[in-house]
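Below is one structure; the comments refer to it alone.
The values are calculated or read from the model by the stated rules, or taken from the named source; none is laboratory data. Bear in mind the structure is a predicted one, so any value in this text is a computation, not a measurement. Neighbour counts run over all protein chains shown; Cβ positions are idealised from the backbone, glycine included. The area values use the complete protein model at the heavy-atom level, side chains included, leaving out ligands, DNA and RNA. Shrake-Rupley method; radii C 1.70, N 1.55, O 1.52, S 1.80 Å.
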Amino acid sequence: MDFRFPQRWFYALLWAEVLPIALSATVPLSGEIRSHISHSGHRRTWTVRVPPGLGVRLHITHFESLSSATCVRDYVEIFADRHRLGRFCGNGTSVRFHSPNTGRGGSDSSELRIQAHFTTSHPDSRRGFVLYYQAVDIDECAAVSESPCDHHCHNYIGGFVCRCQHGYHLLPDARTCDVVDCGSPSSIENGQFTFLTEPGTWWKSRITFTCDSEYYSLSSPENGMYECKANGKWMNQERGDRLPTCEPICGLPRSPPALVQRIVGGSPAARGSFPWHVHLQTVVCGGALLTDLWLLTSAACVEPAAVVRVWAGGVEQSRWEEWTMAESAQIHIHPGFSRSAGLSQRHGFQHDLALVRLRNRLPIGPFLSPVCLPGRDPRFALAPGRVGFVPGFGETDQWAESERLMFTAVPVVGSEVCSQRAAGQQIPALTKNMLCAGPEPGRGGGDTCQGDGGGAYVFQDPQQIGRFYVAGVVSWGFECGSYSVYTDVSKYLDWIEDIMSGNETEI
């Protein structure tokens, strides 16, 4: 009696260690094996290969042999490496599947070995089979009881890929996830950070930056908070991964100057009244700090100099312990300023403005801090009669350079007053980029003189009492005690900002 083996599909699950892997064009993805066995003791072996990462689906037909309840005499066996995946015979099978359901302990082989074994002799038996095989994708993510990935496993044809939860990153083994660590936040000059959460540099940790002293303010005072994000960077809601800076607070002197009405000589300045004023050592001129790295002065003061040395923070020239010395790294004279051909008297002071970038940042404190630039708001416009202050070491009413920093209150006058005063004289012409200021002749008041050039003509902000901004830079004038002319800083804000923002890199 013949026993026909029922048609069936058999799936051999294979496991590939390489991830990911592309399907090979040289390995067939399907095929068949035919066998007719005509005598006992017949053994034969076939090998089926598929690309790594794929399984093999077997379809066995026309399997005819004598029945065998225990499959010990006539059978076909299938192996992956040394693991037997199944034994087939007659209408009965003894199958022990090798499946990678115990972690990653499955076979990493990409081939199956098929062995036919017949020992029964029967002249009328017709023994043989046809085996069809086809490569099929394995869902590695579902093929095991424990996922091969720490977090998320995504299957694709020929392999799988691991993905991590938000806030985690994949380690080099491509399977293990670890929490994102942003590392220690970068330090900022004149500032520091503190943790808002439990100290740590991992995902969702939060920090906030503050400045070291009251003389600095954070560039983003409304939000100095940063959080460790899933991209591995400390991020701020407004600034992204750009860290804030601690910038010197401008225009807030420790001892604000008071109004005085003194001719030329003015009054002695208290230390801290004009903390932005600097004394140029290489020429008898002054200047004003705009930041801890930049100062504003007259172009005429620095045009002959290759290097400018300045002293800052003091009020008495003989007390050197009060002063901080600095040296220029760059000198930017306004391109519209007409340089003098020699030491002869100038015939024009149009665009008499210069910026000096220092080689090192100055230490900001109670006696050394910058003055503010004027804003573009109408409140910064200067009407005749408004009074500002000018400090300097220039000539006094004693006609000698002062050993102590002096200051005086100077009222603004209409430009037509200086134009009328200049009529018929061999002096430079006034332009719309200049301010005219000084006491009315015979009425007393303050004025600048030789040696005060480059100094800042400052005013209080009408809406912020106690905060000062520079409206003009001492440029030229008539005789001492009369009117003086200042470069109008408000006309040069774009140029000043462009120069300073384009040259901030440390030298």
Note on the stretch 386-404: residues part of a loop (DSSP other than H, G, I, E, B) and modelled with pLDDT under 90 are F393, G394, T396, D397, Q398, W399, A400, S402, E403
Among the residues of the stretch 476-491, which ones are open to solvent by 10 Å² or more (accessible area, probe 1.4 Å) and at pLDDT 90 or above?
-> D488, S490, K491
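Could you go through the stretch 261-280 and let me know if any residue there is touching a His at 6+ places or on another chain (Cβ under 7 Å) and at pLDDT 90 or above.
No - not one qualifying residue is present in the stretch 261-280.
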Determine which member of the set R127, R113, R87 is surrounded by fewer than 19 Cβ atoms within 10 Å (Cβ to Cβ), modelled with pLDDT under 90 and more than 30 Å from A230 (Cβ to Cβ).
-> R113
Would you please list the contacts, defined by Cβ atoms under 7 Å and residues six or more apart or on different chains, that run from a residue in the stretch 110-135 that is farther than 30 Å from G158 by Cα and outside any loop (DSSP other than H, G, I, E, B) to a residue that is open to solvent by 20 Å² or more (accessible area, probe 1.4 Å) and at pLDDT below 65?
-> F118/S40; R127/E64; G128/H62; G128/E64
Every pair of residues 6+ apart whose Cβ atoms lie under 7 Å, when the first sits in the stretch 327-345 and is under 22 Å from R359 (Cβ atoms) and at pLDDT 80 or above while the second is of a type in the set (V, I, T) and open to solvent by 100 Å² or more (accessible area, probe 1.4 Å) | A329/I507
Any idea which of Y156, Y132 is open to solvent by less than 70 Å² (accessible area, probe 1.4 Å), modelled with pLDDT under 90 and out of contact with any Cys (no Cβ under 8 Å at 6 or more places or on another chain)?
-> Y156
Any residue at all in the stretch 170-189 that is small (G, A, S), open to solvent by 50 Å² or more (accessible area, probe 1.4 Å), touching a residue at least 24 places away in the same chain (Cβ under 8 Å) and more than 30 Å from L296 (Cβ to Cβ)?
-> yes
Checklist (1) outside any loop (DSSP other than H, G, I, E, B); (2) within 24 Å of the chain's Cα centre (by Cα) applied to C162, failing item = (2)
Filtering the stretch 310-339 down to residues that are of a type in the set (F, W, Y) and assigned to a strand (DSSP E or B) yields W311
Mind counting the residues in the stretch 465-490 that are over 24 Å from R421 (Cβ atoms) and without any contact (Cβ under 8 Å) to a residue 12 or more places away in the chain?
-> 1
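Taking P257 as the residue in question, decide whether it is at pLDDT below 90, open to solvent by 10 Å² or more (accessible area, probe 1.4 Å) and more than 39 Å from the chain's Cα centre (by Cα).
Criteria met by P257.
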Within the stretch 416-475, work out how many residues are open to solvent by less than 70 Å² (accessible area, probe 1.4 Å), among the β-branched types (V, I, T), at pLDDT 80 or above and under 51 Å from the mean Cα position of the chain (by Cα).
-> 5
Would you mind telling me which numbered condition in (1) open to solvent by less than 80 Å² (accessible area, probe 1.4 Å); (2) outside any strand (DSSP E or B); (3) farther than 30 Å from F209 by Cα E146 fails?
-> (1)
Take the stretch 224-254 and flag every residue that is in contact with a Gly (Cβ under 7 Å, 6 or more places away or on another chain), modelled with pLDDT of 90 or more and of a type outside the set (A, V, I, L, M, F, W, C).
-> P244, P253
Taking W311 as the residue in question, decide whether it is of a type outside the set (K, R) and open to solvent by 10 Å² or more (accessible area, probe 1.4 Å).
-> yes
Tell me which of these E322 doesn't satisfy, since it passes every other one: (1) out of contact with any strand residue (DSSP E or B) (no Cβ under 8 Å at 6 or more places or on another chain); (2) open to solvent by less than 40 Å² (accessible area, probe 1.4 Å); (3) acidic (D, E).
-> (1)
